[in-house]
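Reading through the structure tokens given below for one structure.
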Amino acid sequence: MKPETFDAYWEGTLKVILPQLKALHPNVELAPAAKDLVLSNYNAAKGVQKAINGKDHEKLFDRHKIASLITHAIIKVQPLIISVATQSKSNSTTLEIKNEIFAYNISLNILWSMFIDKLGRDAETSHLVPLMRTGKIQIPDCNHGNFKKNLITSFYHIRWPRSEDGFNFLLMAKNYFMLENYNLVYYKVEDFANKHKI
């Protein structure tokens with residue numbers, strides 16, 4: 001991912017997430033050099049994964065793997081902090097998982113925009129793009145909580161892995177792939193319903 005592309009996702013996501021977190025605690029802020037550290041971790045992990053999986057380093061990674069490695073880099077770096085001078089005890093679960101919320105949102109922004117771009121280039125799916133641009137990413141219901149909450153909670157548990165690094169990047173990429181497919185089916189049904197109103 002080009003640094004300027006990463007910057008656009010980073011800044012766009014922070015613009016939404018940071019004010020929400022600051023409403024819970026005014027001293028939530030970015031750690032020094034956080035963005036550069038996250039991008040550096042992402043690039044290093046991408047290189048390792050390409051070597052492990054026998055991928056040509058110059059070939060593009062698909063959007064699911066990109067989102068997965070960005071998730072991993074944010075969880076590892078923990079870029080959002082509460083400044084030490086102003087730290088106070090908070091019972092807010094949201095503050096405790098602030099970096100996981102950020103990881104979830106930036107990863108979904110990446111996945112969604114790349115997915116819409118891909119659909120727009122395909123003659124069979126390009127008609128769905130206007131509907132998807134005006135809609136939003138759909139999150140499936142789960143038997144226990146909801147998909148978003150369960151996924152963010154799983155990110156949080158990655159912080160205490162049994163091994164040195166408990167993050168399975170291919171498993172996370174598969175989760176993003178399944179979420180994308182859920183949305184493709186959802187918007188195909190919406191498109192059909194709009195065209196065949198009774």
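The values are calculated or read from the model by the stated rules, or taken from the named source; none is laboratory data. All figures in this text were calculated on a predicted structure; none of them were measured in a lab. All Cβ positions, even for glycine, are placed from backbone atoms using ideal geometry, and neighbour counts span all protein chains on display.
Structure notes:
- Gln138, sole failed condition from (1) in a helix (DSSP H, G or I); (2) of a type outside the set (A, V, I, L, M, F, W, C); (3) at pLDDT 85 or above; (4) surrounded by 14 or more Cβ atoms within 10 Å (Cβ to Cβ): (1)
- Looking only at the stretch 144-164, and only at residues there that are in a loop (DSSP other than H, G, I, E, B) and among the small types (Gly, Ala, Ser), the one that is modelled with the highest pLDDT: Gly145
- Here is the figure for the stretch 89-108: residues that are at pLDDT 90 or above and in a loop (DSSP other than H, G, I, E, B) total 0.
- Scanning the stretch 109-135 for residues that are in a helix (DSSP H, G or I), of a type in the set (Val, Ile, Thr) and over 14 Å from Tyr176 (Cβ atoms) turns up Ile116, Val129, Thr134.
- Among the residues examined, Lys46 qualifies as in contact with a helix residue (DSSP H, G or I) (Cβ under 8 Å, 6 or more places away or on another chain), among the basic types (Lys, Arg), at pLDDT below 90 and part of a helix (DSSP H, G or I).
- So Tyr9, is it at pLDDT 90 or above, more than 23 Å from Leu95 (Cα to Cα), under 19 Å from the mean Cα position of the chain (by Cα) and surrounded by 14 or more Cβ atoms within 10 Å (Cβ to Cβ): no
- Candidates Val38, Val48, filtered to the one that is under 15 Å from the mean Cα position of the chain (by Cα) and under 20 Å from Ile110 (Cβ atoms): Val38
- For Phe167: the one exception among (1) buried (at least 18 other Cβ atoms within 10 Å of the Cβ); (2) in a loop (DSSP other than H, G, I, E, B); (3) modelled with pLDDT of 90 or more: (3)
- Of all residues in the stretch 21-48, those that are more than 14 Å from Phe102 (Cα to Cα) have Cβ atoms under 7 Å from Cβ atoms of residues that are in a helix (DSSP H, G or I) and among the polar types (S, T, N, Q), 6 or more apart or on another chain, in Leu24/Thr94; Asn27/Thr86.
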